[in-house]
Amino acid sequence: LQEQLRQAVQGGDMETSHGICRIAVALGENHSRALLDQVQHWESFLALVNMIMFCTGIPGHYPVNETTSSLTLTFWYTLQDDILSFEPDKQAVYQQVYRPVYFQLVDVLLHKAQFPSDEEYGFWSSDEKEQFRIYRVDISDTLMYVYEMLGAELLSSLYDKLGRLLTSTDQPSSWQHTEALLYGFQSIAETIDVNYSDVVPGLIGLIPRISISNVQLADTVMFTIGALSEWLADHPVMINNVLPLVLQALGNPELSISSVSTLKKICRECKYDLPPYAANIVAVSQDVLMKQIHKTSQCMWLMQALGFLLSALQVEEILKNLHSLITPYIQQLEKLADETPNPSNKLAIIHILGLLSNLFTTLDISHHDDDHENTEVKKLPVPQGPNPVVVVLQQVFQLIQKVLSKWLNDAQVVESVCAIFEKSVKTLLDDFAPMVPQLCEMLGQMYSTIPQASALDLTRQLVHIFAHEPAHFPPIKALFLLVTSVTLTLFQQGPRDHPDIVDSFMQLLAQALKRKPDLFFCSSLDVQAVFQCGILSLKFPEALTVKASCGFFTELLPRCGEVPPVGQVVHENGKQLLQAVLEGIGGQASRSLMDHFAEILFALSKHCFSYLSVWMKAAMQQEGFPSARLSPEQKDTFSQQILSRERVNKRRVKEMVKEFTLLCRGLHGTEYTADY
């Protein structure tokens, strides 16, 4: 078929060339191991491999002039796996024959990854451009895989070619050629640790020599720098070679994604080496933020980058930079807070709150940074005086109160407010303490006006971090009681439309029981009603809500002895809980949740055993419960197992529940559940 394939390609007969290529690839993929084994026929198998190589490098641009080359990529994975699966001696022989083939493959793939001329690319439809983008990702994945076979020599070969291309004076190289070689380098550097490669310093030295004439090349230069950010952290002296390129690209809206994501990577990986450049980075970032060059998501990434950057500065520097960065937004917020609410104001408020929230997500000056091995070498600033983030946050807090006076009824604004504090509580931890009373009061107002999951999640954070401290217990207790009372009212009105609130409420209750069971001693807390809500939540169709409810009961049941109100409610209502758990196991709940239901049974048998035996007997006497498929003997066996000595082994209880749920569903012993 070889000659026929050549003629079809020359004559532009895509159908025939496509068909022959499929035959060659099918033969190669399905029989490569067997064909490799037939050593006496090695030349004819190599001919088949070369035929597939011809199909990989078929002339023309994918997907406009040809659609065949993409069919061949998986063959190269298969062949490599087969070669590497032989014992070392045999493998060495095959490597001798096939390493040159794989080096040729890299050349072919990088040629196919090249962009067409600007003029030609201008005529492509958006669909064709998207297909080409996906095709390049497939090529990138293939190169990454091939690195396993070719190793460091592959990087050296790419570097040599790039060096020759950029320093050659004979003929000017096309940007497409340069871009493809860089793309190959980036594909490997993104996932393989190149820290030990001896060609990276040379590559970093070459990058500023690339004359960037168009967007595709500029994007690839940016992504390549981003892929090398970990290497830069170990070789900080090279940062100045590439940082100016990144800052320059930030001002170009066409390079938005690549420049911002690269700056974020550099700020995350190299933050301890960036203080000398911080003023410049902040100034350029502020400029592009004010000019609104980037879309919302890139603005958020940029704020995260600045959070990483500021985290490594001296405290007074952090404060100075924070003020210059945030002041324009605070002024805008003040103006918006005074205006009459309207849709465009709302979007502006949410955008500003989002920017602040993303800044506080990564702004962490606690300096317990275990990821950075050289922290002891580089003298880190020891925070003096008040935490600068808290200083700024208190300023923001007062403004937010002003904003909420007009926007308290708007769910999206409230969610954006919660996000700021949830992020900053996580990073500030104990330093957040001065703001706890004010925040508890604000959260209470927000949740009473519009109950929302985000407010419950933030309450949970506060309980987790501060509830055990006597000074903060009163405001947190008041907030906990308030949100519980509002949520119980919601349950009376019908909670089915709010599975997210129910989920977050159950998680809050579990956290309270774990961190501060004293909250359940309050006479004003209706433990009975909370318990009933938990039972109701076990019957929700949403798996996450059911999982959170199981978590609540798993924390509640061990408190039977130490918290009398809990003990009393469990003894009075435990039978209903068991009924709901058995209904879930009997088929009402997803099989993926069975381990969580088993945890409740385990807790019941451990903490309420004498009651459980009575409740279990009564439940199993019901006709057709928990499933009409069960015989009385099967129900008996399960009851005895759960009440037997094996009940003290949690893993065994989970196995019993899995077995029983399959019987209830009529799936026991079927092929369908063989791996379950």
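The values are calculated or read from the model by the stated rules, or taken from the named source; none is laboratory data. What you see is a predicted model, and the numbers here were worked out from it, not measured in a lab. Every residue, glycine among them, receives a Cβ derived from its backbone with ideal geometry; neighbour counts consider all protein chains shown. Note: areas computed on protein heavy atoms with side chains; ligands, DNA, RNA excluded. Shrake-Rupley method; radii C 1.70, N 1.55, O 1.52, S 1.80 Å.
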Problem set entry | Condition broken by LEU662, with the remaining ones in (1) under 22 Å from PHE540 (Cβ atoms); (2) open to solvent by less than 40 Å² (accessible area, probe 1.4 Å) satisfied | (1)
Problem set entry | Pairs where the first residue, in the stretch 637-656, is β-branched (Val, Ile, Thr) and the second is part of a helix (DSSP H, G or I), C-beta under 7 Å, 6+ apart | ILE642/LEU601; ILE642/SER605; ILE642/MET616; ILE642/MET656; VAL653/ALA598; VAL653/LEU601; VAL653/PHE602; VAL653/ARG647
Problem set entry | Number of the condition not met by LYS320 [criteria: (1) basic (Lys, Arg); (2) open to solvent by 60 Å² or more (accessible area, probe 1.4 Å); (3) farther than 17 Å from GLN395 by Cβ] | (3)
For this session: Any residue in the stretch 1-29 that's more than 14 Å from ASN50 (Cβ to Cβ): show its pairings with residues that are aromatic (Phe, Trp, Tyr) and at pLDDT 90 or above at Cβ separation under 7 Å, as long as the two are six or more apart or on different chains.
Result: GLU29/PHE75
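Could you list, in sequence order, the residues of the stretch 166-190 that are farther than 19 Å from MET222 by Cβ and in a helix (DSSP H, G or I)?
Once the filter is applied, which keeps residues that are farther than 19 Å from MET222 by Cβ and in a helix (DSSP H, G or I), the stretch 166-190 yields only THR167.
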For this session: Can you tell me which residue among ALA283, ALA348, ALA278, ALA305 is without any contact (Cβ under 8 Å) to a residue 24 or more places away in the chain, part of a helix (DSSP H, G or I) and over 17 Å from ILE400 (Cβ atoms)?
Result: ALA283
Exercise. Restricting attention to the stretch 500-529, and to residues there that are over 34 Å from the mean Cα position of the chain (by Cα) and in a loop (DSSP other than H, G, I, E, B), which single residue is farthest from VAL566 (Cα to Cα)?
Worked result: SER524
Problem set entry | Selected residue [assigned to a helix (DSSP H, G or I) and touching an Asp or Glu at 6+ places or on another chain (Cβ under 7 Å)] from THR72, THR78, THR142 | THR78
Exercise. Can you name the number of the only condition in (1) part of a helix (DSSP H, G or I); (2) open to solvent by less than 50 Å² (accessible area, probe 1.4 Å); (3) within 19 Å of ILE188 (Cβ to Cβ) that ASP107 fails?
Worked result: (2)
Exercise. When you go through (1) over 30 Å from SER117 (Cβ atoms); (2) touching a Leu at 6+ places or on another chain (Cβ under 9 Å); (3) of a type in the set (Ser, Thr, Tyr) one by one for THR78, which number turns out not to apply?
Worked result: (2)
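Tell me, which helices (runs of 4 or more DSSP H) wholly within the stretch 379-478 include 1 or more residues that are in contact with a strand residue (DSSP E or B) (Cβ under 9 Å, 6 or more places away or on another chain), open to solvent by less than 10 Å² (accessible area, probe 1.4 Å) and closer than 30 Å to SER523 by Cα?
No helices (runs of 4 or more DSSP H) qualify here.
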Exercise. Which one of LYS129, LYS112 is at negative phi, out of contact with any Leu (no Cβ under 9 Å at 6 or more places or on another chain), open to solvent by less than 20 Å² (accessible area, probe 1.4 Å) and at pLDDT 95 or above?
Worked result: LYS112
